[in-house]
Amino acid sequence: ADAQRPRRMEERPPNGASTANAAAAGGARASRVCVAVRCRPISEKEELAGGIVAVRTMPEQSQVVLRHKTEESEFVFDHVFGSEAKQVDIFQTLGVPQLDQAFAGYNSTIFAYGQTGSGKTHTMMNHRAPTVEDQGIIPRISEGLFQRIESLSQQHPTRRFLIQCSFMEIYNEVVYDLLAPKRKDKLGLEVKELKGIGVYVKDLTETVADSPAKLNQLIEDGMALRAVASTKMNDASSRSHCIFTIRLHQKDEQDSSQNTISKLNLVDLAGSERAKDTGADGAVLKEGANINKSLSALGNCINALSSMSGAGKKRTFVPYRDSKLTRVLQESLGGNSFCTMVAAISPCATNVVETLSTLNYAKRAKVIRVTATRNAETAQIKQIEQHMEALQQKIGIEMQSQEAHELEERHRQELEHLESVMKQSWEDKQKLSEQYEEQRKIAQEEIARVAERIATERRKRLQMLGQRGDLHLTLQAVEAAGGRKHGDWPDKVSAVLKVWEQLQTQLRAVALFRDSGATDLSALWGHFDEADVDFRDGEVAPAVTLLGQVHNKFGTMSRELEKLSKLEAHLKDLIGDLAPSLALALDRARADAEEASARMAAVPSNGDLGAMAEDTAEELPELIVMIEQQLQAHCIKERSRLEGEAKRMLLGDDLGRLAMCLKSAGAKAPAAAPLAEKLGGAAKVAVELAATT
């Protein structure tokens, strides 16, 4: 409670205050992590669910009040933005100081933290916003960066600028390059550390951007590859942490003191989440577990750093290596960089536990001290040279053991990397960027060829399935295309096919008794003289025996016909239940196909060829339509066969005529009289069943 009590006004820096002005004077500058809180508006979904607002923001006092049950908790931060805050306000308060620091030669980082669906990506990215007013911090920084370069170039004609960009994501604890062709079998990139360079990602693509359009295109390409998924809390939930880095090189031909190399890290973290709230399962559940694990590691680092912030506090071990995320952000949190944190929260009472956790997280981050040093080019070169000299001395020492040889080889690799960094001129960097662009172009052409080949193979496969008209084969293709994610309709189709097979089996049973009974009936007519309406002399006994067989077989046939009729009624119910399920699955599959098509169209120069081959979203709607057509054709064919077989079962007239004859002949054959009555009843039942069937 004491920690959450508001500070006195004089302890709080004024809104919009920046360390950049002080930093511009040069040298090392100490500062605390700047923490801002942004509360999004309550969503329509939350309102419909009966959610109430549990957060009160007071931007003028930089205060947040959270109501939980009957208690209220107060928090004070550097900046607080309510639900009415505009994107431009966020940028002016948090983004502009980032640019100030970068142009002053200092590294800086801004990252967004909060639960899933709290508005982090909206605040940081929102690069596809319909209007410029809705764009987030990163697109605005890219525009502001080149506006400032243009202004400074006019003020200082001798000053030159070079912008290099990289874009990575940390997905399931693996680092991927979002600006390079990506494949699922790739093991990811390595995180390294060297003196004079700091923590870096080996082989990460750095592309030169010479205009806002080029920089925004890099953002677009990278975001198109970022892992996202739909959950109950967020239709487009980020499943990875992404870091967009802008490296700003400044060189003055007349004043070398202005030569600096600064980094601007723009971080959009995936949101913390609880599985019971998101409804995640399978791969999405695994992603959520890894997200929470890395955020927990980040929390442990923040706790360790905050524990060292007070006067006289002892140094504490900071577990940066527990996660790829904390390792990559090591320089930002406890190294040579200014740092700003945006804590995104939901105002709804249903999220109060996560909101409280986020605010406590931000409160601990607020006390972390950071020290940023102006990155003068000469100082960096000197530091790299010193490290190179130290490595050369280590390599020169005589080493005998296998472990020593391995260490020597590692030193040699580090030395080679440092030498390449030292020798790389601006022109070299430009050429390297052009090589990357050429590789991206080649990759784009390869992806286009592969995509066309995959599309051709799919068309051939669909054509073959359509020509064969085999429902079972088409159902197997539906299973392979993930048809079950749109409901249990494949099981319903299989059930319909199974009942058709049962109908055929039942029809064969009916036909068996009908044909056998018809044979006995034909033999019976041989013992009967229709002219005299009487049995022939001496043939009464065998005729009565045949009559009993006819009665038994046609009686069994009548019972089998009843089973056949029930199966037909069951089939009718199954088909009636299947129709709406198929229609719903088709609508969903078409929606998925549109998303997949848009996703592929949005990745012109990068692509996961393995994922492209496995992405069957565009194929599934065609398969569902094919199932409908083949099922309709199957039903028409089987119905026609049933009707033809049913006509052969019409024995009502023959049985009725036989019953009349037997009744007339009853005086000579008393044993036939009761059979005649039964046959008369059987004839009536046969007529009714034949008509029904």
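The values are calculated or read from the model by the stated rules, or taken from the named source; none is laboratory data. If you're wondering where the values come from, they're calculated on a predicted model, not measured in any experiment. Cβ: placed from backbone, ideal geometry, glycine included. Neighbour counts: every protein chain shown. Remember, those area values only see protein heavy atoms, side chains included, never the ligands or the DNA or RNA. Shrake-Rupley method; radii C 1.70, N 1.55, O 1.52, S 1.80 Å.
Specify the residue that is nearest to residue 124 (Cα to Cα); the eligible residues are those in the range 187-220 that are more than 28 Å from the chain's Cα centre (by Cα) and open to solvent by less than 30 Å² (accessible area, probe 1.4 Å). That would be 209.
Would you call residue 223 open to solvent by 20 Å² or more (accessible area, probe 1.4 Å), modelled with pLDDT under 85 and part of a helix (DSSP H, G or I)?
Values: open to solvent by 20 Å² or more (accessible area, probe 1.4 Å): yes; modelled with pLDDT under 85: yes; part of a helix (DSSP H, G or I): yes.
The answer is yes for residue 223.
Of all residues being open to solvent by 30 Å² or more (accessible area, probe 1.4 Å) and within 14 Å of the chain's Cα centre (by Cα) in the range 226-247, which is modelled with the highest pLDDT? Just the residue, please.
Just the residues of the range 226-247 that are open to solvent by 30 Å² or more (accessible area, probe 1.4 Å), to begin with: 228, 230, 232-236, 247.
Right, trim to within 14 Å of the chain's Cα centre (by Cα) and you get 228, 230, 232-236.
On the way: 228: 67, 230: 55, 232: 53, 233: 53, 234: 49, 235: 53, 236: 56.
Top of the filtered list is 228.
Between 137, 163, the distinction of being of a type outside the set (Lys, Arg) and either over 27 Å from residue 347 (Cα atoms) or touching a Lys or Arg at 6+ places or on another chain (Cβ under 8 Å) (or both) belongs to 163 only. Please verify whether the range 482-504 includes one or more residues that are modelled with pLDDT of 85 or more, under 30 Å from residue 548 (Cβ atoms) and in a helix (DSSP H, G or I). No, that holds for no residue.
Can you work out which of the residues in the range 89-98 that are in contact (Cβ under 8 Å) with a residue 40 or more places away in the chain and over 30 Å from the mean Cα position of the chain (by Cα) is most open to solvent (accessible area, probe 1.4 Å)? Per the stated criteria, the residue is 92.
Only one of the numbered conditions (1) open to solvent by 10 Å² or more (accessible area, probe 1.4 Å); (2) assigned to a helix (DSSP H, G or I); (3) closer than 30 Å to residue 291 by Cβ; (4) at pLDDT below 90 is not met by residue 142, and that is (1). If you filter the range 252-266 down to residues that are under 15 Å from residue 141 (Cα atoms) and surrounded by fewer than 24 Cβ atoms within 10 Å (Cβ to Cβ), you find that the one that is nearest to the chain's Cα centre (by Cα) is 265.
Across the range 315-349, the qualifying residues are those that are small (Gly, Ala, Ser), in a loop (DSSP other than H, G, I, E, B) and under 19 Å from residue 372 (Cβ atoms), and the one among them that is modelled with the lowest pLDDT is 335.
Let's see how each residue does on (1) more than 30 Å from the chain's Cα centre (by Cα); (2) basic (Lys, Arg):
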{"site": "42", "(1), (2)": "no, no"}
{"site": "58", "(1), (2)": "yes, no"}
{"site": "64", "(1), (2)": "yes, no"}
{"site": "105", "(1), (2)": "yes, no"}
{"site": "117", "(1), (2)": "no, no"}
{"site": "128", "(1), (2)": "no, yes"}
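For residue 161, the conditions (1) open to solvent by less than 10 Å² (accessible area, probe 1.4 Å); (2) under 28 Å from residue 252 (Cα atoms); (3) out of contact with any His (no Cβ under 6 Å at 6 or more places or on another chain) are fulfilled apart from (1). One residue alone among 163, 149, 170, 137 is in contact (Cβ under 8 Å) with a residue 12 or more places away in the chain and closer than 15 Å to residue 88 by Cα, and that residue is 137. Residues in the range 323-365 that are open to solvent by 20 Å² or more (accessible area, probe 1.4 Å), closer than 19 Å to residue 168 by Cα and not basic (Lys, Arg): 328, 330, 331.
Within the range 44-75, being open to solvent by less than 70 Å² (accessible area, probe 1.4 Å) and at pLDDT below 85 holds for 46, 50, 51, 68. Filtering 549, 463, 467, 476 for residues that are at pLDDT 80 or above, more than 30 Å from residue 637 (Cα to Cα), open to solvent by 50 Å² or more (accessible area, probe 1.4 Å) and not hydrophobic (A, V, I, L, M, F, W, C) leaves a single hit, 549.
Let me confirm something: among 88, 132, 76, 80, which residue is more than 22 Å from residue 268 (Cα to Cα) and not aromatic (Phe, Trp, Tyr)? So that I can check it myself, show each step before the final result.
Working: 88 fails: more than 22 Å from residue 268 (Cα to Cα); 132 fails: more than 22 Å from residue 268 (Cα to Cα); 80 fails: more than 22 Å from residue 268 (Cα to Cα).
None of the others qualify; the one that does is 76.
With respect to the conditions (1) more than 19 Å from residue 573 (Cβ to Cβ); (2) surrounded by 14 or more Cβ atoms within 10 Å (Cβ to Cβ); (3) within 29 Å of the chain's Cα centre (by Cα), residue 490 lacks only one, and its number is (1).
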